[in-house]
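Taken together, the values in this text are just the output of simple stated rules run on the coordinates, not laboratory data. All values reported here derive from a predicted model rather than from experimental measurement. Note: ideal-geometry Cβ built from the backbone for every residue, glycine included; neighbour counts use all protein chains shown.
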Amino acid sequence: MSDLGLELEQSSSRKPRSRRGLGCLAVLIALAVLVGGGYAVATASMSALRGVFAPPADYDGPGHGKVLFEVEQGDTASEIGRGLVEKDVVKSVGAFVAAAQDEPRSMQIQPGFYQLKKQVPAVDALGVLIDPENMVQTSVTVPEGLRVEQVVKLLAKKTDYSVKQFQAALAKPGRLGLPDYAKGNPEGYLFPATYSFGPDETPMTMLQAMVARWRQAADEADLEAAAQQLGYTPAELMTVASLVESEANRDVDRGKVARVIYNRLESDVTNGLLQIDATVNYALGRDLGLGLTEEDLRVDSPYNTRRYPGLPPGPIESPGDKAIAAAAHPTPGPWVYYVTVNLETGETKFAKDYDQFLKYRKQLQAWCDTSDRC
């Protein structure tokens, strides 16, 4: 082989080695780019993950100012959190939800209004909401046996509204939610119970709540069906319930008193005269428990059941659920008289004839002789 041939051979043999060297370098450069790109992608992903798992934004100060916040029935932690963010109480929904997840009592947050500060840590806001003692509300207990005018005075005393404002609401009976058979008269339908009124309540909404609570008691007693079965109207049963409330001092006697009322209404012996003194006092506009004179008993009023047979035109006071239930489901029995023989204990005895009634009257007189309550 000539030297040229050897040179060519050597040249040709060197070229492939040169190309292979460049190829390796290119692969190394490509790997470097891939590794660099991979690092860049990994770095971006880790940054995003750190954003996901970082604690949600939260305030760390003691807060300031005052905010009235309402928790509505059925609100979830997220919904409460959004409301708190809107009022700038907490900084983020996430912070409040996280605090709620760590506090088992958050499941028992009660609907109502709460006084909070602005810009407080979520855990502090939650601490206010989980304590029902922090609810902003007015509690009013309306006892059984009050007339409308007495209920109004009590509401005015316990709230920021006046008697005139409640009377103005009562002057719009169509808005109270009364049943049609009440004929616009709220007497007997402002149910006695304990109410919690929020700061946004008005005289109208308070009275509406009381009528709504009466409707619940009427439904529980199945008032309308019971009236049909007894042969009376629902309005008449409500009148009977108010009489039971005024006459029965003990739960055990309510059903019997109701039965006496029905028996007297339907008896030829009594000529349908109920002879209930409480109705006479109602006619006179006085306290239902006051004693009566002969002159009082002669008052000419359809509420005077001493003079006029049958039921009075309507309820004489607000009956509670037990009195309503007694009127709807009276105790079976033949009695047409009852006498409370001990005004201290409320012990009441029932009689089916007049002679027995007179004996019980003597027992009452004997008790009165030793007491200053008669």
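Summing Lys, Arg as +1 and Asp, Glu as -1, what charge do residues with Cβ under 12 Å from the Cβ of GLU79 carry, GLU79 excluded? Taking every Cβ under 12 Å from that of GLU79, the sum is -3. Straight-line cross-link reach from LYS118 at under 16 Å between alpha-carbon atoms covers these lysines, not counting any fewer than eight positions away in the same chain: LYS66, LYS87, LYS91. Annotation: average projected area of the range 254-374 is 7.8 square nanometres, based on the convex hull of Cα atoms across all directions.
The distance between label points at GLU103 and GLU70 comes to 2.2 nm (points 7 Å beyond Cα on the Cα→Cβ vector). Per-residue 3J(HN,Hα) values for the range 98-107, derived from phi via the Karplus relation 6.51 cos²θ - 1.76 cosθ + 1.60 with θ = phi - 60°, read 4, 5, 5, 5, 8, 10, x, 5, 5, 6 Hz in sequence order (x marks Gly and Pro). Checking every one of the trypsin sites (Lys or Arg not before Pro) in the range 283-347 against DSSP loop status and a limit of 13 other Cβ atoms within 10 Å picks out ARG286, ARG298. Positive contributions from Lys and Arg (+1) and negative ones from Asp and Glu (-1), summed over other residues with Cβ under 14 Å from the Cβ of TYR181, come out at -2. Rank GLY61, GLY112, GLY177 by mean-square fluctuation in a GNM of the chain with C-alpha springs under 10 angstrom and give only the top-ranked residue. Taking springs between Cα atoms under 10 Å, the residue moving most is GLY61.
Out of ARG82, ARG147, ARG254, any idea which swings most in a Gaussian network model of the chain, alpha carbons joined below 10 Å? Taking springs between Cα atoms under 10 Å, the residue moving most is ARG82. Rg ratio for the chain: its Cα radius of gyration over 2.2 N^0.38 Å, N being its residue count, equals 1.94.
If you average the sequence gap of Cα pairs under 8 Å that are 6 or more apart and divide by the length of the range 226-333, what percent do you get for the contact order?
Computed value for the range 226-333: 41 percent relative contact order.
What does the C-alpha gyration tensor say about the overall shape of the range 64-134? Classify as rounded when a/c is under 1.5, otherwise prolate if a/b is larger than b/c, or oblate. Here the range 64-134 falls in the rounded category. The lysines whose alpha-carbon is closer than 21 Å to the alpha-carbon of LYS164, local same-chain residues fewer than 8 away aside, are LYS153, LYS172. Considering helices alone, the calculated mean residue ellipticity of the chain at 222 nm is -16000 deg cm²/dmol, with DSSP H runs of length four and up weighted by -39500 (n - 2.57) and normalised per residue. GNM on the chain, alpha-carbon springs under 10 angstrom: the most fluctuating residue among THR293, THR202, THR348 is THR293. A prolate overall shape is assigned to the range 142-275, the ratio a/c of its alpha-carbon gyration tensor axes (a ≥ b ≥ c) being 1.5 or greater and a/b exceeding b/c. Contact order, relative form, for the chain: 12 percent (alpha carbon pairs under 8 Å, 6 or more residues apart, mean separation divided by residue count). Other residues whose C-beta falls under 15 angstrom from the C-beta of PHE166 contribute a net charge of +3, scoring Lys and Arg +1 and Asp and Glu -1. The gain in end-to-end length when the ALA54 to LEU358 segment is fully stretched comes to 100.8 nm, 0.36 nm per residue minus the alpha carbon separation.
For ASN185 and THR138, what does the FRET efficiency come to when R0 = 30 Å and r is the distance between their Cβ atoms, rounded to the nearest 0.05? Once the sixth-power term is evaluated, E becomes 0.70. Leaving out same-chain residues fewer than 8 places away, which lysines sit with a Cα under 20 Å from that of LYS349? Partners found: LYS256, LYS322, LYS359, LYS362.
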